[in-house]
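Visitor: Below you'll find the structure I mean.
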Amino acid sequence: MSALLQVRGLGRRYGQRIGCEDVSFDLHPGELLCIVGESGSGKSTLLNTVAAQQAPSSGSVRYRQRGGGWLELGALGEADRRRLAREEWGFVTQNPRDGLRLNVSAGANVAERLMALGMRNYSQLRGIARGWLERVEIDPARIDDAPTSFSGGMQQRLQIARTLVTQPRLVFMDEPTAGLDVSVQARILDLLRRLVNELGLAAVMVTHDLAVARLLAARTLVMQGGRVVETGLTDQILDDPQHPYTQLLVSSVLTT
Amino acid sequence: MTYNFAFLDEDTKRMLRRALLKAVAIPGYQVPFGSREMPLPYGWGTGGIQVTAALLGPDDVLKVIDQGADDTTNAVNIRRFFHRVAGVATTEHTAEATLIQTRHRIPETSLREDQILVFQVPEPEPLRTLEPREAETRTLHALADYGLMHVKLYEDIAQYGHIATSYDYPVLVDGRFLTSPSPIPKFDNPKLDRSPALMLFGAGREKRLYAIPPYTSVESLAFDDHPFEIQRWEQQCELCGSGESYLDEVVVDDRGTRMFVCSDTDFCSGHRMEAQA
Ligand SMILES: Nc1ncnc2c1ncn2[C@@H]1O[C@H](COP(=O)(O)OP(=O)(O)O)[C@@H](O)[C@H]1O
Ligand SMILES: [Mg+2]
């Protein structure tokens, strides 16, 4: 099967400082890939660069469009980049407040992307918004409530509904469960696992938590100091880590 | 102290006219301009006044309305100002005016090709309440990415059961630019569509001009199942009996007695004279 995303020799610098360097991987349709590593290892930099939210300093990212043709993201203009983000991709931020529109209702948050795609039937928008609230385990009766009245976990579930409502082909997630209580995290991870399976989503998810990778991702990429030090099947990496840094990460998970 | 004709110096007028030509060339697009200090505070229509000053010639006949009335303080002051600094003739009759400066209304009397309507605009950016960042709203306009405006209409229906926005109701000009019609009642929106008169909009504080050229399509946004509708009244104007004009509810005595009357004072008196004749 042909890849959805091809990342080759990707690097991003902040002045002299390395954000990430020489990263290559493929992502296939329906695949969830985790990027793990400690804080400062370059996970967010890599994710944002792959998602074309910032320009690479070196290397390239290619995306296979719905029609089958390859798009070189570095050569994309702002209009095309936004169209892609609106019509084919989704992005879930760590802090739901960054990804939500806090001054409008939960229903409007879910319906916004549909309206951006041109849907102009109010009752249809309501119906879909209710359905998605239910899907992310938010009482549909709260459709007209402000997201500011929601708990952190609910806000994150609302952001997930808002992102997935247009059935994107590719979703980027940056530590979507970090900063939440462990029990709340577990619920969101279960939810994500279910939705990813139901929708056949392709996704790149950043996490510093190997347990998250184990639960969600068939394949994992381990980063240290901006570089990928190990990549492979998640189970293999966890059961038989090759790189000393990965061994350290794995053992620290096992001891805590 | 002496003034140049119509107060502004010729260089400033030329700058304004250039901006206006650009605005006419790109219907609904907000053109930045170097707004000048005017001898009136912002909120008194300094944007509209600068547009009017750039357009006035000695033969023009000027009408100024505020909420439809020619006799409010704001309207009287602006009219007096131009009479003094340009010596132009002024009128209260819509049909006699060549240039009409307005705040919050479009006259009921149909406008003609040889007339220009100048609107005073407090906030030219229809997306501003939803998106405070100027760079972002500019990008949204550049890409015609207007889903956000429907978020506002969606919220209206969710909260009130219908689109409650009743003035400054957003429009799409020439099928391209999302535009604020200024705080006119939505009752007046249909008058914008394919109007024979040139419509110009000036925002002094925000330093933006825009235009709706004659016969340009102007569409009021809505949902398929919540179409655009204008205000309607059970009552008729208690002064002239009109059932088609925009009505204001006014308190007429200190016991709180109310009545409905035309907001367009010139239209109302014209209608009364017709009835008497
Ligand atoms: N906007 C920025 N400006 C300068 N340096 C940055 C910026 N963003 C990240 N960095 C640096 O790049 C490196 C990788 O950061 P980041 O991608 O945020 O890592 P992670 O997401 O794994 O915590 C760090 O050294 C960080 O300080
Ligand atoms: Mg990060």
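Visitor: For all pairs of alpha-carbon atoms in chain B, what percent lies in each bin of width 5 Å, listed from the first bin to the last filled one?
Guide: All Cα pairs considered, the percentages come to 1, 6, 12, 16, 18, 17, 13, 9, 6, 2, 1, 0.
Visitor: Between A:S123 and A:T148, with labels modelled 7 Å along Cα→Cβ, what's the label distance in nm to one decimal, could you check?
Guide: 3.3
Visitor: Could I ask something else about it? Peptide B:236-242: average number of partner chain Cβ atoms within 10 Å per residue?
Guide: 0
Visitor: I've got another one for you. Within 10 Å, count the other beta carbons around each residue, average over each peptide in A:92-102, B:191-201, B:47-57, A:107-117, and list them highest first. Walk me through the intermediate numbers first.
Guide: Values: A:92-102: 17.9, B:191-201: 20.5, B:47-57: 24.7, A:107-117: 22.5.
Averaged packing, sorted descending, gives the order B:47-57, A:107-117, B:191-201, A:92-102.
Visitor: Something else now. Within a 10 angstrom radius of each residue's Cβ in B:216-225, how many Cβ atoms of other chains show up on average? Whole number is fine.
Guide: The per-residue average across the peptide is 2.
Visitor: Please compare each pair in B:K63/B:K191; A:K43/B:K152; B:K13/B:K186 to a cut-off of 28 Å on the Cα-Cα distance and tell me which ones are over it.
Guide: Too far apart for the 28 Å limit: A:K43/B:K152; B:K13/B:K186.
Visitor: How far is helix A:122-135 tilted, in degrees, relative to the longest principal axis of the Cα atoms in chain A, given as a value from 0 to 90 rounded to the nearest 10?
Guide: So the inclination is approximately 50 degrees.
Visitor: Could you give the spread of the C-alpha atoms of region B:74-177 along their three principal axes, from largest to smallest, in whole angstroms?
Guide: Largest first, region B:74-177 extends 48, 33, 27 Å along its Cα principal axes.
Visitor: Using θ = phi - 60° and the Karplus relation 6.51 cos²θ - 1.76 cosθ + 1.60, list the HN-Hα couplings for region A:144-152 in order, rounded to whole Hz, with x at every Gly or Pro.
Guide: Ordered by residue, 3J(HN,Hα) equals 9, 7, 6, x, 5, 8, 8, 6, x Hz.
Visitor: How much of the DSSP bridge set in the protein assembly as shown is antiparallel, in percent, rounded to the nearest 5?
Guide: In the protein assembly as shown, DSSP labels about 55 percent of beta bridges as antiparallel.
Visitor: Using a simple charge model, +1 on the beta-carbon of Lys and Arg, -1 on the beta-carbon of Asp and Glu, nothing else, what dipole does the protein assembly as shown show about its Cα centre, in debye to the nearest 20?
Guide: In total the dipole reaches around 1460 debye.
Visitor: Just report the Cα centroid separation between region B:89-168 and region A:120-198, whole Å.
Guide: 35
Visitor: Treat each spin label as a single point 7 Å out from the Cα along the C-beta direction, and report the B:A142 to A:D26 distance in nm.
Guide: Modelled inter-label distance: 3.6 nm.
Visitor: Would you calculate the convex hull of the Cα atoms in region B:232-277 and tell me its volume per residue in Å³?
Guide: For region B:232-277, the hull spanned by Cα atoms encloses 71 Å³ per residue.
Visitor: Per-residue ellipticity at 222 nm for chain A, helices alone: DSSP H runs ≥ 4 residues times -39500 (n - 2.57), over residue total, nearest 500 deg cm²/dmol? The partial results should precede the final answer.
Guide: Values: 10 runs with 103 residues, N = 256.
Value at 222 nm, helices only: -12000 deg cm²/dmol.
Visitor: Relative to the longest principal axis of the C-alpha atoms of chain A, give the angle of the C-alpha long axis of helix A:244-255, reported between 0 and 90° and rounded to the nearest 10°.
Guide: With rounding to tens, the tilt is 60 degrees.
Visitor: Can I ask one more? For region A:57-184, what log10 I(q)/I(0) values come out of the Debye formula at q = 0.22, 0.23 1/Å, with one point per alpha carbon and no solvent?
Guide: Each listed q maps to, in turn, -1.27, -1.34.
Visitor: Determine the shielding of peptide A:107-119 by partner chains: average, over its residues, the number of Cβ atoms on other chains within 10 angstrom of each Cβ.
Guide: Across the residues of A:107-119, the mean count of other-chain Cβ atoms within 10 Å is 4.
Visitor: What are the residues whose amide H is under 5 Å from the amide H of A:C20, where those residues sit 5 or more places off or on another chain and H is modelled from the backbone?
Guide: The answer is A:R12.
Visitor: Quantify how much of the Cα-Cα distance distribution of region A:103-256 extends past 20 Å, in percent.
Guide: On the way: 6467 of 11781 pairs.
Looking at region A:103-256, the distances longer than 20 Å represent 55 percent of pairs.
Visitor: Now a separate question. What percentages make up the Cα-Cα pair-distance distribution of region B:126-240 when the bins are 5 Å wide from 0?
Guide: 2, 10, 19, 23, 20, 14, 7, 3, 1, 1
Visitor: May I ask for the net charge around A:L33, where only other residues with Cβ less than 13 Å from the Cβ of A:L33 are counted and Lys, Arg are +1 while Asp, Glu are -1?
Guide: Overall, the nearby charge balance is 0.
Visitor: Take each complete run of DSSP H in chain B, measure how far its Cα atoms stretch along the helix's own axis, and keep only those covering 15 Å or more with mean Kyte-Doolittle hydropathy at least -1.0; list them.
Guide: On the way: long enough: B:10-25 (22 Å, -0.38); B:73-86 (19 Å, -0.16); B:147-160 (20 Å, -0.04); B:265-276 (17 Å, -0.93).
Within chain B the helices that satisfy the rule are B:10-25, B:73-86, B:147-160, B:265-276.
Visitor: Take the alpha carbon atoms of the protein assembly as shown, find their radius of gyration, then divide it by 2.2 N^0.38 Å using N residues; give the quotient.
Guide: Normalised Rg, Cα atoms only: 1.24.
Visitor: Quickly estimate the mean residue ellipticity at 222 nm for chain B, helices only: each DSSP H run with n ≥ 4 gives -39500 (n - 2.57), and the total goes over all residues, rounded to 500.
Guide: Counting only the DSSP helices, I get -8500 deg cm²/dmol.
Computed from the coordinates by the stated procedures, all read-outs in this text should not be read as laboratory data. Note that the structure is predicted; figures quoted are calculated from it, not measured. When we count neighbours, we look across all protein chains shown, and the Cβ atoms used for this are built from the backbone with ideal geometry, even at glycine.
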